[in-house]
Every structure is written in C-alpha cells, then in structure tokens.
1. Under 6 Å between Cβ atoms, at least 6 apart or on separate chains: pull out the pairs that start in region 55-73 with a residue that is within 21 Å of Y89 (Cα to Cα) and end on any residue that is in a helix (DSSP H, G or I) and β-branched (V, I, T).
2. Mind checking which residues of region 19-31 are among the acidic types (D, E) and not in a loop (DSSP other than H, G, I, E, B)?
3. Restricting to region 1-27, count the residues that are surrounded by 10 or more Cβ atoms within 10 Å (Cβ to Cβ), within 18 Å of the chain's Cα centre (by Cα) and closer than 23 Å to G70 by Cβ.
4. Between a residue in region 75-98 that is under 21 Å from C51 (Cβ atoms) and any residue that is part of a loop (DSSP other than H, G, I, E, B) and of a type in the set (A, V, I, L, M), which pairs come within a Cβ distance under 6 Å, given they are 6 or more apart or on different chains?
5. Give the residue that is modelled with the highest pLDDT, with candidates limited to residues of region 23-66 that are under 21 Å from D8 (Cβ atoms), basic (K, R) and out of contact with any Lys or Arg (no Cβ under 7 Å at 6 or more places or on another chain).
6. Looking only at residues that are over 15 Å from N47 (Cα atoms) and among the β-branched types (V, I, T) in region 62-80, which one is surrounded by the most Cβ atoms within 10 Å (Cβ to Cβ)?
7. How many residues does region 81-95 hold that are outside any helix (DSSP H, G or I), of a type in the set (V, I, T) and over 15 Å from F46 (Cα atoms)?
Amino acid sequence: MPRHIITDNGKPFCNSLIDKLRQKFDFRQRNSSMYYTAANGLAEAFNKILCNLLKKVVAKSKCDWHERIGEDLWAYKTTIRTATQATPYALVYRVEAV
C-alpha cells in the first residue's frame, strides 16, 4: 500500500469517501501543484496507459476491473521502456522481475 497518494485539486479527490479511505488504509493525500502542470501530465499519461490495458482484458460488463488491475500493473512494470532500455521494476529494485 502506498504511503502517499498524489492527486490534483479536483472535487472527486476531496470528499468524505477519500477521508474514510485514508483512515482505513493509513495513507496521506498530497495535492499536486497547480503551477507545475507537468506533474499532472505524467499522472494523466500513466492513467491513459492503464485504462487502455484494462480495456483489453476486462469483461464487457466492466465489473471485474478491480480483479484485473494487479495483472495489468505487473505487465506495465515488467515491460522494457524504449527511453531507458529497462523495465520500471528493474529501475526501482535494481533486479529484473522473475
């Protein structure tokens, strides 16, 4: 579980449901800077990739996305990136995933 979750200042991320989730899962919420839009752009780009991955494997009912997200994140983290010639997993942990 992450210790921090960074969100923009949008209303969907500032409500009592998020407060309850923060308490239950013990994480801190941070807001990205409105003056540094590149940070939001990186998050939006990743979200787009993740949504595209999920669209390929989730049933038509779209009710099982939460069961498949772990597999898609693993696929993303263990795929070699052209820019770095390495996987995100290897860059973080300094070993290749098995």
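The values are calculated or read from the model by the stated rules, or taken from the named source; none is laboratory data. Worth saying up front: this structure is predicted, and the values here are computed from it rather than measured. Because the Cβ atoms are built from the backbone with ideal geometry, glycine has one as well, and the counts that use them run over all protein chains shown.
1. R68/V57
2. Residues of region 19-31 among the acidic types (D, E): 19, 26.
The one that is among the acidic types (D, E) and not in a loop (DSSP other than H, G, I, E, B): D19.
3. 9
4. Filtered contacts from region 75-98: T78/A97; T87/I80; Y89/A97.
5. Ranking the candidates gives K48 first.
6. It comes out as T78.
7. Here is the first cut: in region 81-95, the ones outside any helix (DSSP H, G or I) are 81-87, 94-95.
Still in the list and also of a type in the set (V, I, T): 82, 84, 87, 95.
Subsequent filtering for residues that are over 15 Å from F46 (Cα atoms) retains 82, 84, 95.
Summing the residues that are outside any helix (DSSP H, G or I), of a type in the set (V, I, T) and over 15 Å from F46 (Cα atoms) in region 81-95 gives 3.
Condition check ((1) at positive phi; (2) among the basic types (K, R); (3) under 13 Å from the mean Cα position of the chain (by Cα); (4) not in a helix (DSSP H, G or I)) across all residues:
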{"site": "S33", "(1), (2), (3), (4)": "no, no, no, yes"}
{"site": "K48", "(1), (2), (3), (4)": "no, yes, yes, no"}
{"site": "K60", "(1), (2), (3), (4)": "no, yes, no, yes"}
{"site": "R68", "(1), (2), (3), (4)": "no, yes, no, no"}
{"site": "D72", "(1), (2), (3), (4)": "no, no, yes, no"}
{"site": "A97", "(1), (2), (3), (4)": "no, no, no, yes"}
